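Remarks on the structure that follows.
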Amino acid sequence: MSKLKGIYTDIVKIRRMVFAELAGLALKDAKCEEFDKIPYRIIDTEEATYRSSIFKERAIVAARVRMGLGMDYEINQEHKLLSEGIRDFLNNDNQLKEPLVNVIRFACEKCPTNAHFVTNNCRKCLAHPCSIVCPVDAVSIEEHAAVIDQEKCINCGKCKEACPYEAIVNYERPCAAACGVGAIESDDYNRARINQNKCVSCGQCIIACPFGAIADKSMIYQLLKSINRGEDVRAIIAPSFVGQFGPLVSAEKIVAALKKLGMKEVREVSLGADFASLHEAELFAEDVPEEQPYLGTSCCPSWTYIADKHVPEVRENISESSSPMIFAAQSVKENNQDSKVVFIGPCVSKKLEALSKKVKDEVDFVITFEELAAIFVAADIELTKVDAEEEINDASYYGRAYANAGGVAEAIRQNLKEKYEIDPPITKADGLADCKKTLMKAKAGVLEGHLIEGMACEGGCVGGPGTLLATNRGAKNVSKFADQSPYKFAFENDKLNETDK
Amino acid sequence: MVKVKICAGSHCSLVGALNILETLEELQKEYPDQIQIERVECLDKCEDIKKAPVVKVDDELITSAQNQIVISKVMERIK
């Protein structure tokens with residue numbers, strides 16, 4: 001997990017302020033010209049604080065504004081006001097398009113890629129084991145210290161291990177280190193570039209970049225405009241939501257606040273998780289091992305993208321079952337055909353899932369908890385001051401526990417045990433790199449008969465890039481909220497139709 | 001005993017209060033008898049989001065609070 005996850009830095013602050021500004025303009029139905037003022041309101045100092053100049057700082061904020069609206073970040077090479085491009089976009093497609101996760105190229109500080117360096121801890125010792133153990137003769141002892149020839153070095157790490165002074169460090173690009181599928185490469189100027197053929201849009205690099213050079217696109221503006229137009233917008237909220245808006249804000253208050261914002265209804269996505277766990281238990285019981293050797297879960301879109309892009313041979317064994325998001329959205333639209341559904345969650349790649357052909361009629365908007373918190377600020381809704389409390393009770397214990405690593409497999413396993421008297425071996429992949437490794441194992445045939453859970457974010461959905469809370473705290477809240485459910489198993493949930501159980 | 005009141009409202013949570021709370025709770029483990037943390041509802045000082053998060057260390061009100069400032073104020077009083 002990136003070291004920056006859960007730490008509030010100025011990067012996080014600027015990102016959230018941009019969201020709040022965009023939400024504010026949407027709520028006010030402001031004119032396009034107003035967008036031009038955002039970079040000046042956010043960077044309101046006289047001199048640069050973070051970069052070489054305030055002009056660059058503001059240009060980067062402008063890029064964030066564009067992406068916050070769902071546009072490509074690129075500033076044209078010709079002179080053009082921010083608002084002009086925005087006007088074109090809003091009047092024409094007004095729709096988020098791939099690629100979802102982007103490096104803002106002029107914000108990238110070109111960190112050196114994976115390399116070993118000698119720090120000034122080096123005492124130029126007599127033994128200098130670093131140079132002796134090097135298999136490619138890349139370490140020489142120069143006037144003041146050992147020096148590693150980067151041309152020769154193969155990054156085996158032997159010198160680092162041998163040094164008695166801990167003088168050698170292994171340095172990785174934080175974005176590339178966070179990317180477990182190797183999607184981050186370098187462009188001709190040595191800036192990070194995302195290879196879209198490999199990227200699974202999990203968003204971990206957004207959190208990991210210490211210069212805030214990577215961002216995803218958002219649908220905040222389009223969602224709020226839809227509410228402003230008086231459309232029937234209904235929210236489905238992912239199981240990791242508990243506690244994300246402060247320790248004093250109960251689930252009931254979050255629901256009340258969403259209604260105050262204009263949502264006609266709020267349902268738990270965990271309801272969809274109950275559907276999904278029952279459906280996947282049924283698939284497993286029917287097909288494994290006769291029809292397929294093992295079953296991978298379907299709820300994490302990045303996990304399924306890893307199969308698509310990196311290990312396509314195993315794709316057919318990842319469940320085709322709809323994700324909890326889709327089931328929850330369908331259950332809302334069943335009764336309200338003209339409504340729009342917004343999925344609120346911790347997840348970046350759900351934005352992409354919602355754009356897919358299969359899902360775009362079910363889910364109209366996807367926003368993160370972080371984006372929602374900024375919307376609350378813009379709408380001047382302070383959740384601790386919301387008087388009303390609205391009950392929310394849509395899901396079982398195991399459905400609510402979907403948000404924690406291991407929760408998905410456990411829910412399916414419980415259904416298998418109770419309904420089919422099957423207790424399958426379980427493999428859990430936690431984090432991007434682990435997901436890829438697990439799929440490679442599956443391909444090699446060593447996971448026959450297994451139920452395989454894949455979570456691209458470490459710790460599960462509570463570790464998602466769209467959360468406000470540290471992962472371990474989010475996990476505790478999820479468990480506590482799950483304990484409060486009146487139903488233990490998915491098939492005990494009264495909200496499901498008998499035929500689904 | 002240093003009494004710290006930290007706003008746990010949604011405005012302050014957006015701009016870093018959760019992080020300050022977490023750091024304070026870690027610090028409290030080291031000085032269990034000397035720090036008292038109270039999570040309070042909105043202290044009504046964040047009408048401008050730039051003033052959030054809001055923290056009170058004993059009687060001293062800190063707006064636009066940052067981790068390192070809050071911790072140093074607390075440590076000053078412990079020593």
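The values are calculated or read from the model by the stated rules, or taken from the named source; none is laboratory data. Small disclaimer: the values here were computed from a predicted structure and weren't measured. Cβ: placed from backbone, ideal geometry, glycine included. Neighbour counts: every protein chain shown.
Odds and ends about this structure:
- Candidates A:THR49, A:THR45, A:THR113: the one that is farther than 30 Å from A:ILE194 by Cα and among the hydroxyl-bearing types (Ser, Thr, Tyr) is A:THR45.
- Failed condition for A:PHE211, given (1) in contact with a strand residue (DSSP E or B) (Cβ under 9 Å, 6 or more places away or on another chain); (2) away from chain B (no Cβ under 14 Å); (3) hydrophobic (A, V, I, L, M, F, W, C): (1)
- Number of positions in segment B:1-35 that are touching a Leu at 6+ places or on another chain (Cβ under 7 Å) and among the β-branched types (Val, Ile, Thr): 3
- Within segment A:434-453, residues that are assigned to a strand (DSSP E or B) have Cβ atoms under 6 Å from residues that are among the small types (Gly, Ala, Ser) in these pairs: A:LEU451/A:ALA409; A:ILE452/A:GLY296; A:GLU453/A:ALA409, counting only partners at least 6 apart in sequence or on another chain.
- Residue among A:GLU371, A:GLU334, A:GLU391 that is assigned to a helix (DSSP H, G or I) and surrounded by fewer than 18 Cβ atoms within 10 Å (Cβ to Cβ): A:GLU334
- Yes/no for A:SER240 being assigned to a helix (DSSP H, G or I), farther than 23 Å from A:GLU98 by Cα and either touching a Phe, Trp or Tyr at 6+ places or on another chain (Cβ under 9 Å) or of a type in the set (S, T, N, Q) (or both): yes
- Only listed residue being in a strand (DSSP E or B) and under 13 Å from the mean Cα position of the chain (by Cα), chosen from B:GLN68, B:GLN28, B:GLN36: B:GLN36
- Here A:VAL386, A:VAL366 are screened, and the one residue that is modelled with pLDDT of 95 or more and assigned by TED's automatic domain parsing to the domain that holds A:GLY454 is A:VAL366.
- Of all the residues in segment A:1-28, those that are within 11 Å of chain B (Cβ to nearest Cβ) and outside any helix (DSSP H, G or I) number 4.
- Listed conditions (1) touching a strand residue (DSSP E or B) at 6+ places or on another chain (Cβ under 8 Å); (2) among the polar types (S, T, N, Q); (3) within 18 Å of A:PRO247 (Cβ to Cβ) are all met by B:GLN34, apart from (3).
- Considering A:LYS198, A:LYS217, the condition of being touching a Leu at 6+ places or on another chain (Cβ under 8 Å) and among the basic types (Lys, Arg) is satisfied by A:LYS217 alone.
- Residue within segment A:373-384 that is touching a helix residue (DSSP H, G or I) at 6+ places or on another chain (Cβ under 6 Å) and either polar (S, T, N, Q) or more than 14 Å from every other protein chain (Cβ to nearest Cβ) (or both) present: no
- Residues of segment B:5-52 that are more than 9 Å from chain A (Cβ to nearest Cβ) and surrounded by 24 or more Cβ atoms within 10 Å (Cβ to Cβ): B:ILE6 alone.
- Within segment A:415-430, restricting attention to residues that are in contact with a helix residue (DSSP H, G or I) (Cβ under 8 Å, 6 or more places away or on another chain) and under 16 Å from A:GLY180 (Cβ atoms), the residue that is surrounded by the most Cβ atoms within 10 Å (Cβ to Cβ) is A:ALA429.
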